[in-house]
Amino acid sequence: MASIPYIDIHTHQVDSDPEILSIFNMNIGESKIELNKDQAYSKGIHPWDIEKLEIDSIDNYLEVLTADKNNIAIGEIGLDKLMDTDISIQEKVFIAQLQMAKLKQKPVIIHCVKSQEELLRIKQENDTGTAWVFHGYNKSLQLAKDLLKFGFFLSFGENLLRNEKLQSVFREIPLEKIFLETDDKQIDIRKIYQKAAEIKGIDIEVLKKQILLNYLKCF
Ligand SMILES: [Zn+2]
């Protein structure tokens with residue numbers, strides 16, 4: 001029997017390690033050319049990239065994007081109040097993509113900075129019937145609980161290695177609700193798994209199995 005893969009739910013690196021199953025996050029303007037043919041990827045209009053697109057071309061853009069079978073999620077999408085782009089425009093672009101996610105039944109990978117209240121409201125009003133993965137989770141236990149109540153999955157990255165406060169948050173999150181990721185960091189996902197298993201006090205194989213189940217449930 002093949003062994004259970006490590007799953008990297010959100011990465012900006014092209015990975016060809018046979019032990020790792022990853023979702024490559026493709027930015028606007030990047031193409032599939034360098035990916036091998038079975039590589040799963042997510043793509044979406046990041047709040048940082050809104051200015052690069054014409055608002056009326058968004059629907060078209062999404063239509064073409066979601067038709068590709070390797071595009072297994074829309075993301076990262078969301079809200080970022082540290083950006084200059086007006087929050088109402090960000091919301092509009094975000095919601096357009098949520099509608100497409102609903103139509104095509106694709107999960108979404110969420111980027112959210114300083115906009116948690118808006119995010120929860122938008123999820124209530126625009127649920128997609130698919131999984132929502134909050135990526136790079138790095139906040140309080142209280143917010144984590146709110147997000148769980150709203151049905152989110154939480155994905156943790158390299159901050160888990162050093163940030164003790166985050167480690168204690170992680171300890172409280174049910175295993176059925178977590179993912180792990182490398183994001184844009186030059187780090188091995190196996191290291192993050194190791195730390196995560198240590199924090200939870202479980203065997204790494206148990207963790208791998210549960211994250212695989214989470215993956216199969218969502219994607
Ligand atoms: Zn990212």
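The values are calculated or read from the model by the stated rules, or taken from the named source; none is laboratory data. Fair warning: this is a prediction, and the values are worked out from it, not measured in the lab. Every residue, glycine as well, gets a Cβ built from its backbone with ideal geometry; the counts of neighbours run over all protein chains shown.
Report yes if GLN194 is over 29 Å from LEU62 (Cβ atoms) and either surrounded by 17 or more Cβ atoms within 10 Å (Cβ to Cβ) or at pLDDT below 95 (or both), otherwise no.
no
So, in segment 152-206, of the ones that are more than 15 Å from the ligand (Cβ to nearest atom) and among the aromatic types (Phe, Trp, Tyr), which residue ends up nearest to the chain's Cα centre (by Cα)?
Only one residue tops the list, namely PHE153.
Among the residues of segment 10-39 satisfying the criterion of being assigned to a strand (DSSP E or B) and out of contact with any His (no Cβ under 7 Å at 6 or more places or on another chain), which is surrounded by the fewest Cβ atoms within 10 Å (Cβ to Cβ)?
Of everything passing the filter in segment 10-39, ILE20 is surrounded by the fewest Cβ atoms within 10 Å (Cβ to Cβ).
Go over the candidates GLN105, GLN90 one by one and state the one that is at positive phi and either of a type in the set (Asp, Glu) or more than 16 Å from the ligand (Cβ to nearest atom) (or both).
Criteria check complete, one pass: GLN105.
Just checking: which of the helices (runs of 4 or more DSSP H) contained wholly in segment 112-219 hold 2 or more residues that are over 26 Å from GLN99 (Cα atoms)?
Ranges flagged: 141-149, 159-162, 164-172, 189-200, 204-218.
Scan segment 9-67 residue by residue and report those that are in contact with a Ser or Thr (Cβ under 8 Å, 6 or more places away or on another chain) and of a type in the set (Ser, Thr, Tyr).
THR11, SER22
Between LYS92, LYS104, LYS69, LYS123, which is more than 14 Å from the chain's Cα centre (by Cα) and modelled with pLDDT of 95 or more?
Exactly one of LYS92, LYS104, LYS69, LYS123 is more than 14 Å from the chain's Cα centre (by Cα) and modelled with pLDDT of 95 or more, namely LYS123.
Residues being farther than 21 Å from GLU164 by Cα and within 16 Å of the ligand (Cβ to nearest atom): count how many of those fall in segment 116-151.
Qualifying residue count, segment 116-151: 2.
Please go through segment 146-165 and give me each residue that is over 11 Å from GLU181 (Cβ atoms) and either touching a Ser or Thr at 6+ places or on another chain (Cβ under 9 Å) or free of Cβ contacts under 8 Å to residues at least 12 places away in the same chain (or both), ordered by number.
LYS149, ARG162, GLU164, LYS165
Here is a list: ALA101, ALA73. Which entry is buried (at least 16 other Cβ atoms within 10 Å of the Cβ) and either among the hydroxyl-bearing types (Ser, Thr, Tyr) or in a helix (DSSP H, G or I) (or both)?
Being buried (at least 16 other Cβ atoms within 10 Å of the Cβ) and either among the hydroxyl-bearing types (Ser, Thr, Tyr) or in a helix (DSSP H, G or I) (or both) holds for just one of ALA101, ALA73, which is ALA101.
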